[in-house]
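Okay, structure first, notes after.
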Amino acid sequence: MDVQPDLSPATLLLVDDEPEILVALADLFEDEFRVLTAACGAEALALLAREPAVDVIISDQRMPGMTGDVFLAQARGITDAEALLLSGYADLEAVISAVNNGRIAGYAPKPWEPAALLSMARNAVARRGLARALDTERALLRGLLDSSTDALSFKDTEGRFVRLNAVKAAALGRTVEACVGRSEAELLPPAARAALLAADRAVMESGQPAEVTEQRGSEEAPPRWVRVSRIPICGAAGRVTHLATIEHDTTEQRGLEERLHQAEKMQALGTMAGGVAHDFNNLLTAILGSLDLLTHTPLAEPRQQKLLRNAITAAERGSTLTQRLLSFSRKRELQLRASDINRLVREMDDLLLRSLGAGIELRHRLETELWPALVDPEQLGLALLNLCINSRDAMPKGGTITLTTRNLVVGEDMVHDLAAGEYVAVAVADNGDGMPPAVLAQAFEPFFTTKEVGRGTGLGLSMVYGLTRQSGGTTTLASTPGQGTTVELLLPRAHQPADSAPEHGGAAAPATLPVSVLVVDDDPGVRGVTATFLANLGHRAVEAADGEAALRVLEQGEDIRVMVTDLTMPRMTGQELASRAHRLRPGLPILLLTGYADPEAVPEGYPVLRKPFRQADLARCIALLLRPPFA
């Protein structure tokens, strides 16, 4: 933004002990300037104290009490106005004193020549304006240099510093005074000199500003990213006379952008995983349902029965793996419950071995009489997976990961930030690279990672720590460079028995009278298995491939007592179908089937059966729906 010029007239201070001369001087200047008058030096000093913005002082030399040169010398303590000296006597010593002490810009004898004196005053006002403009420019430049957090510098055409701020000097490991007059290139390591000289020369030769992002660092310090703007400054002849540089450290911004990009990728991966889970669970429903149906048919050979049991176990394991792999994308409060940590660790074996790959040996040291622990088992499984992957990455040439459990009684002040009490400890230990003390001190900080971009989010350990703290425990970390790392999760002991593993086909569902059940699913395999389950339970299944077909069945007056529908279908979702079905048949019991792991994707107010399911699971749900308040 341009600075508007000051259009108010300049102020002149006239000082003379003779009133007639003051009147004559005022008459000469008042048409062009704002005029102030004083009859002696003391009066003029008092006036300057009240009006410091005087542009030019015109003072007589021979005055009683205080001569002009003495007055001007004292005035310099108040104002830096231009000064002219008048005298009716040829007093060379007074003029010299006025030049040295009063810094006068001109001398005029009495009687004066009006045009000449007026010209001297105008020139003095012009110099005063230039001085003020220069002072402003200096103040602005000084303020910019002193207050900017960016590294700023100005160089001549030889690359020597003319001006620079403390930030730039500190980046070079020197003071401002030690840098001025020296070439930046000579202050840099040899490897960086050629690149700097080439970049500066290119801008000065082209006369066009340029901006580049440079990576800087050393063996002792992590790399930094700096955006460097080079701006050529031209003189009056239009040639480049100086080069300005502005260096802005973008390391933190770049890190935030990378973390945001990584978070977006994780979000996209979670969305994709939800869709894959739906399809995969549909397949598992058809597979597991068909196997379940085979269990209700006579098998002649024990070998066939064994193969069938193996296939069912494998399908159930696939369902468990799907749920665990999806748990990273779920956003919910922790579901704390009494859990058998040893059983959870053993159930993780297949997933861990597939995730860790070749070259990693997995060992267990599990306490046989382990207490139950209060924790969200799915989140704990995810935490153990993250920790094992961290350990694998710390052993690029292979190694051993040991999972250990133990009962632990913690006394007061035994573990930092943990209350005294009984805890269950589960540890993940490796014999990898270990961590130096500087990394160990930051390991739990969110987004801190030593992995290259794309290999780590920096959230693993902070999420593990957050899980244990929310569970009422904590996480400890021990590591030695070259000797490996141990992460131990301390979880509060649960004083009730651990939840038992889910049993499929356990307690039989209460018997119900046969009814007509509308089965809606776009996947023919799932729809067929569900209908067969219902037929085995004695019900009549009416199948529909989508929501529109299901609504037509209801509109035709079929005696439908229960509707079982998939939640995710093309054109019309299960929730939309349920809402429209209730408008046609108020009070119709509806069961939703879903292959997603995220509970937020399931609408409230409806019973839900997750895929894959067994015949006994469906039987229990139908029996529940046919009892009040559903039926």
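Just so you know, all these numbers are worked out from the coordinates, no wet-lab data involved. Everything numeric here is computed off the predicted structure, so don't read it as measured data. Counting neighbours? That spans all protein chains shown, and the Cβs are built from the backbone with ideal geometry, glycine included.
Numbers for the structure displayed
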item: Placed amide H near T474: partners under 5 Å, 5+ positions off or other chain; result: L490
item: In Hz, Karplus ³J(HN,Hα) per residue of region 238-254 (6.51, -1.76, 1.60; θ = phi - 60°; x = Gly, Pro); result: x, 8, 5, 10, 8, 10, 9, 10, 10, 10, 10, 6, 10, 4, 5, 4, 5
item: Burial ordering of D376, D135, fewest other beta-carbon atoms within 10 Å first; result: D135, D376
item: Relative contact order (%) - criterion: Cα under 8 Å, at least six apart; region: region 11-137; result: 22
item: Cα-Cα P(r), region 148-249, percent of pairs per 5 Å interval; result: 2, 13, 22, 28, 21, 10, 3, 1, 0, 0
item: Estimated Rh, region 11-137: Kirkwood, alpha-carbon pairs, angstrom; result: 14.3
item: Residues C234, C179 arranged by fewest to most Cβ contacts within 10 Å; result: C234, C179
item: Ascending count of other beta-carbon atoms within 10 Å, so fewest first, for H495, H539; result: H495, H539
item: Label-point separation, R62 to E211 (7 Å along Cα→Cβ), nm; result: 6.8
